[in-house]
Structures are given as structure tokens and as C-alpha cells.
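Presented below is the structure to which this report refers.
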Amino acid sequence: MEESAYNKLIHQEDLSADEPALRLNQEKPQVSLSLVWPASTWTSRRVIEIILAALAAVLLAVDIGLGVYYKNLTDESRAVMSISREVAELNAAHEAATMIQEEAQMRLKQEITKQQVIKWQVEYQVKRNGEYKKLADKLQRDIAALKSHIPTIRESCRHCLPRWTLVDSACFFLSFSEIYSSRSWQEARDFCKKHGSDLAVVDTFEKQLKLNQLINIHHQDLSRSISQSGFWIGLRDVDSEAVWKWLDGTKLSEGFWNDGEPNNSGNEDCAATYPRSNPFKGWNDAPCTYNLKWICEMSAS
Ligand code: 2F8
Ligand code: CA
């Protein structure tokens, strides 16, 4: 029913013009916009459709492009974010490494400073050691010098009783004074023993030399004859002739006999020392009963 109305309308519009054409189309009626709207309108619509289609295509393309762009952008963004994270991590690691490096540098600096101080201390100690060594050497020399004085000091520290003379670490008494009369060898020995001593044992040249000097000074009183100028010493050969022994029983090895002595002239068993210029020739043997001066000896206190 709609189709017939539509055809009716078409027929009414074409009554006035183009009738043959319409008649050709009467047997096969067609439904067409061109038939409904003017041609210009149809064209415009087609153009619009084409434009719209083109626009749609463009929009679709843009949309696809934007999608692809967005996808790419998202990937790039992710990559950038990942890189940013990595950069941040690297920066953090760099900062940590920088801190560690700075701390290590600071410790190194402190260690270098400590080492420098230790080096200075070592230099100082080396210098002091050198000074100490010089000081020690000087002290060793001073000690050696002081030690060399010990015998002299020890000797000077020894002392003897009044009128006794210190000779070679022993004290000697020489009966120079006239209050001591000359006496026999035994009486002389008794005197010595009474005073805590004994007749002198002149068993070294040092003793002989010193005692000879002392009796030489005494003999400057020349009123005394040479035979009376002798001093008994602790030496005799009473037990066996010509075997001279000191009071402690020690045999005499060498003596300081005058030339020709001992000669045992008239049984001379006791020895005495006499003032002589040559101390090696100071001794003579005389009769033990002969009266002479004497020399006592005791250890120094
Ligand atoms: O000439 C040496 C001789 O001199 C004196 O005798 C003359 C001595 N006598 C006395 O001293 C007692 C001897 O002993 C001595 O050998
Ligand atoms: Ca004699």
C-alpha cells in the first residue's frame, strides 16, 4: 500500500513534462532518492557522505595512529621510567659510593697524618738514641777513668796508726826514735807482736825501695856506724844454713843482698836492711843477738 502511494506521487509530479520517459518507467516503478530529492541535493549528500566517510577514515586513522602513538608513548614512558629508576638507583649507588669514597679518603688522610706523626716520632727517637749513645760512650769513658782511680782512692782510704807509715797497703813501724833502744832480733820481734804486728816481710821491690828511702833519710844522722845502722826484718836461716825463710815459712827466692852477703860471718842467721843508695843492695846477715833497730809490719785498717 505504501508502494502504490509512492508511485502515485511520482506519477503526479511527472504529468507535465518528460512523459515518455515516465511511461517507460511505469511498468517498472523504482524507489530512489533521486526520484524523491532534487539532483543537486543528492550530489551534496553524496559529497557529504564521502566527506564524512573520509573524515571517519581519517578519524579512524588518527585514532589508530593515536593508539599506536599512545602505545609507543606508553612503552617509551615505561622505558623512560625504567631508565629513570635505573638512573635514580645509579645516582643512589653513586652517592653511596661517593660517601664511601669520601669516608675512605678521610680515613686515608687520618692514617697518613698518623703515619706522619709516627715517622716524626721515629726520627725523634733515632735522634735521641744517637744522643743517648754518645752519652753512654762518654759515661763509659768516665767510668773507666773513675775506675782507674779506685786503687789510689782505696790506698788513700787506708790508714795506719800514728807513727806508722803506709807502704803498699801495709803499715810499717821503723824504730827511728832514740826512745827505742837497739835490740836483738827476737826482742825486736817481741816488740812488734806486742803492738799487733810482726817483723817486716820485705818480699817486693816496692817495699824494699820505700823502706830504703825512709831509712836513708834517718841515716842522715851519721853519728851511727854503718854496722849499727841496720833494721831487723822477718827473715832468717836458723833452721837450715843458707836456707832463708820469711816468718810465715816461705822460702826466699831472691833477695836484695849487698855484695858478698849473706856471708854468715861468725854465725849470722838473721837478716837486716841497711841504708843504701842502691836499694837492690840493702841486706846483710848479722848475728841474731846483735842489737839493731827494727821494722814492724801490720795490715792497714
Ligand atoms: O864487711 C861485711 C861485714 O861487716 C860486718 O862485719 C865486720 C858485719 N857484722 C855485723 O854487722 C855485726 C857482717 O855481717 C858483714 O858481713
Ligand atoms: Ca854478713
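The values are calculated or read from the model by the stated rules, or taken from the named source; none is laboratory data. All values derive from a computational prediction rather than experimental measurement. Don't worry about glycine lacking a Cβ; one is built from the backbone with ideal geometry, like all the others, and counts go over all protein chains shown.
Below is a table of values for the structure above.
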read-out: Residue match in region 201-215 (condition: part of a helix (DSSP H, G or I), touching a Leu at 6+ places or on another chain (Cβ under 9 Å) and either among the β-branched types (Val, Ile, Thr) or surrounded by 19 or more Cβ atoms within 10 Å (Cβ to Cβ) (or both)); value: yes
read-out: Residue 93 at pLDDT below 95 and farther than 30 Å from residue 166 by Cβ; value: yes
read-out: Test: residue in region 265-281 that is acidic (Asp, Glu), more than 15 Å from ligand 1 (Cβ to nearest atom) and touching a strand residue (DSSP E or B) at 6+ places or on another chain (Cβ under 9 Å); value: no
read-out: Single residue of 245, 251 found to be more than 16 Å from ligand 1 (Cβ to nearest atom) and within 24 Å of residue 175 (Cα to Cα); value: 245
read-out: Residue 217 within 16 Å of ligand 2 (Cβ to nearest atom) and at pLDDT below 95; value: no
read-out: Selected residue (criterion: modelled with the highest pLDDT) from residues of region 282-301 that are away from ligand 1 (no atom under 16 Å from the Cβ) and part of a loop (DSSP other than H, G, I, E, B); value: 300
read-out: Answer residue from region 233-251, given it is part of a loop (DSSP other than H, G, I, E, B), hydrophobic (A, V, I, L, M, F, W, C) and in contact (Cβ under 8 Å) with a residue 24 or more places away in the chain and is surrounded by the most Cβ atoms within 10 Å (Cβ to Cβ) among those; value: 244
read-out: Flag if residue 202 is within 60 Å of the chain's Cα centre (by Cα) and away from ligand 1 (no atom under 16 Å from the Cβ); value: yes
read-out: Residue list for region 277-301, restricted to those being among the basic types (Lys, Arg) and either within 11 Å of ligand 2 (Cβ to nearest atom) or surrounded by 20 or more Cβ atoms within 10 Å (Cβ to Cβ) (or both); value: 293
read-out: Residues of region 248-259 satisfying the condition of being within 12 Å of ligand 2 (Cβ to nearest atom) and in contact with a strand residue (DSSP E or B) (Cβ under 9 Å, 6 or more places away or on another chain); value: 257, 258
read-out: Residue count, region 253-268 (criterion: modelled with pLDDT of 95 or more and farther than 20 Å from residue 296 by Cβ); value: 11
